[in-house]
1. How large a share of the accessible area of the stretch 141-213, in percent, is made up of carbon and sulfur atoms when the probe is 1.4 Å and the other protein chains stay in place?
2. Amide H neighbours of V259 under 5 Å, at least 5 residues apart or on other chains, H built in the peptide plane: list them.
3. From the Cα gyration tensor of the stretch 68-159, with a ≥ b ≥ c the square roots of its eigenvalues, which class applies: rounded if a/c is under 1.5, or else prolate if a/b is larger than b/c, or else oblate?
4. In nm, to one decimal, how far is the modelled label at D245 from the one at T211, with both set 7 Å along Cα→Cβ?
5. How far apart, in nm, are two points set 7 Å out from the Cα along the Cα-to-Cβ line at E190 and at K107?
6. What shape does the stretch 138-250 have by the C-alpha gyration tensor, where a ≥ b ≥ c are the square roots of the eigenvalues, rounded means a/c under 1.5, and otherwise prolate means a/b greater than b/c and oblate the rest?
7. Taking amide H atoms as placed 1.01 Å from N in the peptide plane, list the residues 5 or more away in sequence, or in a different chain, whose amide H sits under 5 Å from that of E148.
8. Would you please give the FRET efficiency between L270 and A117, computed as 1/(1 + (r/R0)^6) with r the Cβ-Cβ distance and R0 = 51 Å, to the nearest 0.05?
Amino acid sequence: MNKKISGIISSIAMVALLAACGTSANEETPAGNPETPSSEAPSDLEGSVIVDGSGTVYPLMANIAENYMTGAGSGVSVQVGRAGSSAGLKKFIAGELDFADASRKIKDTEVAELEAAGKKMGENIMEIELAYDGLTMVINKENTWAAEMTQEEIVDMYISGKFKADDKVLWSDIRSEWPSEEIRFFGPNENHGTYEFFYEVILDEQELVSTVNLQQEYSTLVDLVSKDKNAIAFFGYGYYASNTDKLTAVKVDFGNGGVEPTLDTIGSDLDYAGFTRLVYTYLDLDKAKAAPQILDYAKFVVSEEGAQKLAGENGFAPLPAEKHAEYMETLENLK
């Protein structure tokens with residue numbers, strides 16, 4: 001067996017296993033239908049496509065990659081990693097990737113680093129909005145008191161020194177009628193765009209409680225919260241959606257009553273807008289021009305068979321079809 005065919009089989013096997021058991025090697029993957037076939041006829045393209053970055057975006061991109069490799073791109077090996085948004089963009093800036101997935105928008109400092117490397121946003125780099133995600137606060141199934149909280153309560157409880165100098169916050173510090181037991185705070189670590197979104201946007205760059213336990217793997221967070229009735233954590237909606245038997249999602253009151261995160265409430269102008277964010281992938285257009293398989297995969301990502309169709313199956317709210325149609329037009333005109 002030659003090296004290319006072996007690589008393709010390995011990639012397909014990996015994602016097929018992911019689909020069968022609902023997990024990657026180290027973390028939970030949102031539920032979906034990964035066997036949805038592409039309606040496009042297989043092409044004669046060969047080669048590889050390298051994607052890395054956001055752990056939140058990983059299940060969606062892995063599902064897109066599987067559908068592509070088992071359909072239109074059967075001769076192409078798409079390798080999808082989940083190093084985290086910041087780590088993925090670092091690799092992307094260094095020229096190691098074709099695509100960088102991110103659960104937050106690229107930073108000005110990263111844009112400057114790209115420019116130092118001879119790349120400019122909109123010229124050599126294409127920003128692709130994939131879908132909407134809802135930042136979801138999750139608690140243990142035995143926690144019956146905090147199933148609904150205000151946005152202010154959630155923000156305040158995660159800010160260092162807001163309730164206690166030593167940050168050993170009790171549930172009763174949030175509401176007097178709640179248990180006088182210490183809250184166990186959890187979340188993804190600094191490698192993840194989800195952490196950066198929470199810190200920069202939700203907390204407005206105020207320091208997190210010193211007692212917070214930050215983890216690299218989302219599966220670890222699911223496990224920790226599911227075993228501790230005093231735990232609370234934040235991550236993307238998809239990881240909650242695939243673990244509803246283990247966790248409870250906190251309804252968030254943004255001022256008009258509690259709102260449960262669902263695919264019907266997550267969106268920039270919907271009821272869960274306060275905790276809604278866009279997720280992205282960034283494409284190196286120079287590589288897409290030089291390698292037809294990269295350009296072809298990019299077109300699949302923004303096609304009706306790609307993110308538009310598979311977003312909801314992986315815990316993301318789809319963007320309007322017109323948005324991805326604009327991306328397709330840009331890619332079709334790429335020279």
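The values are calculated or read from the model by the stated rules, or taken from the named source; none is laboratory data. Since the structure is predicted, the reported quantities are computational estimates derived from the model, not experimental observations. Backbone-built Cβ (ideal geometry, glycine too); neighbour counts: all protein chains shown. Heads up: the accessible areas ignore ligands, DNA and RNA and are worked out on the full protein's heavy atoms, side chains in. Shrake-Rupley method; radii C 1.70, N 1.55, O 1.52, S 1.80 Å.
1. Of the solvent-accessible surface of the stretch 141-213, carbon and sulfur hold 39 percent.
2. Placed amide hydrogens put V252, D253, F254 under 5 Å from V259.
3. Numbers: a/c = 3.09, a/b = 1.65, b/c = 1.87.
Oblate, because a/c is 1.5 or more while a/b does not exceed b/c.
4. With each label point 7 Å from Cα toward Cβ, the separation is 3.2 nm.
5. Distance between the two pseudo-spin positions: 0.9 nm.
6. Here the stretch 138-250 falls in the oblate category.
7. Those lying under 5 Å, H to H, from E148 are K251.
8. On the way: r = 38 Å, r/R0 = 0.74.
Using R0 = 51 Å, I get an efficiency of 0.85.
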